[in-house]
1. Build a GNM of the chain with springs between Cα atoms under 10 Å: which of 41, 144, 81 gets the top mean-square fluctuation?
2. About the Cα centre, and with charges only on the beta carbon of Lys, Arg (+1) and Asp, Glu (-1), how big is the dipole of the range 102-156? Nearest 20 debye, please.
3. Non-local amide H neighbours of residue 101 (under 5 Å, H modeled in plane, Pro and chain starts lacking H): which ones?
4. Please report, as a whole percent, how much of the solvent-accessible surface of the chain comes from carbon and sulfur atoms (probe radius 1.4 Å).
5. In whole Hz, what ³J(HN,Hα) sequence does the range 76-90 give by Karplus (6.51, -1.76, 1.60; θ = phi - 60°), x for Gly and Pro?
6. With every protein chain left in place and a probe of 1.4 Å, what is the accessible surface of residue 30, to the nearest 10 Å²?
7. Pick out which of 56, 16, 85 has the largest mean-square fluctuation in a Gaussian network model of the chain, springs linking Cα atoms closer than 10 Å.
8. For Cα Rg over 2.2 N^0.38 Å, the choices are [x] 1.28; [y] 2.49; [z] 1.04; which was calculated from the structure?
Amino acid sequence: MTAHADTAAQAVDPVTLWGQVIEGFQSTNKNLHREVAAAHALNAAEAEALLRLTCTPHQRMPMAELARQVAFSTGGFTKVADRLTKRGLVRRAPCPEDRRVVYLELTAEGRTTAGKVRDLVAETMTATFVDVLGPERAVVVAQAMADLHRSGIDRA
């Protein structure tokens with residue numbers, strides 16, 4: 001086998017490829033959450049919850065659904081919701097149609113903080129993702145990861 005053939009074989013080795021994806025994601029994500037924690041004293045789950053709430057109608061979502069989206073058990077997510085509530089960033093609201101459902105919704109302060117977090121995430125991801133890869137490659141990576149996400153959902 002030639003050196004070129006070895007390089008080509010290594011380039012399509014799925015274990016190596018996936019390891020590179022994970023390492024790139026972890027280092028970029030760690031940097032992102034370090035920036036968010038330093039600027040807003042929010043951990044990864046708290047920041048993710050605020051960002052997801054900003055993208056929903058009426059900036060509210062059932063707690064169980066939000067927990068699922070941020071990959072937490074409902075019990076584990078209750079602690080996240082408690083911390084955000086204590087800081088005045090969210091409030092719990094009962095569902096009028098189903099008393100078993102509790103919504104988590106952004107407060108005015110939560111909307112302000114979430115907007116600042118979103119701006120910081122955009123700035124940080126521009127510097128550490130888009131600028132590093134270039135806009136075209138960043139879009140390809142994002143689309144590929146979205147495809148993988150949808151593929152996982154389809155199999156569940």
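The values are calculated or read from the model by the stated rules, or taken from the named source; none is laboratory data. This is a predicted model, so every value here is computed, not measured. Here the Cβ is made from the backbone with ideal geometry for all residues, glycine too, and neighbour counts use every protein chain on show. Side chains are part of the model used for accessible areas, which takes the heavy atoms of the whole protein and leaves out ligands, DNA and RNA. Shrake-Rupley method; radii C 1.70, N 1.55, O 1.52, S 1.80 Å.
1. 144
2. Taking the Cα centre of the range 102-156 as origin, the dipole is about 120 debye.
3. 95
4. Carbon and sulfur together cover 59 percent of it.
5. x, 6, 4, 5, 4, 4, 4, 5, 5, 5, 4, 7, x, 8, 9
6. 140
7. Residue with maximal mean-square fluctuation among 56, 16, 85: 16.
8. So the calculated entry is the one marked [x].
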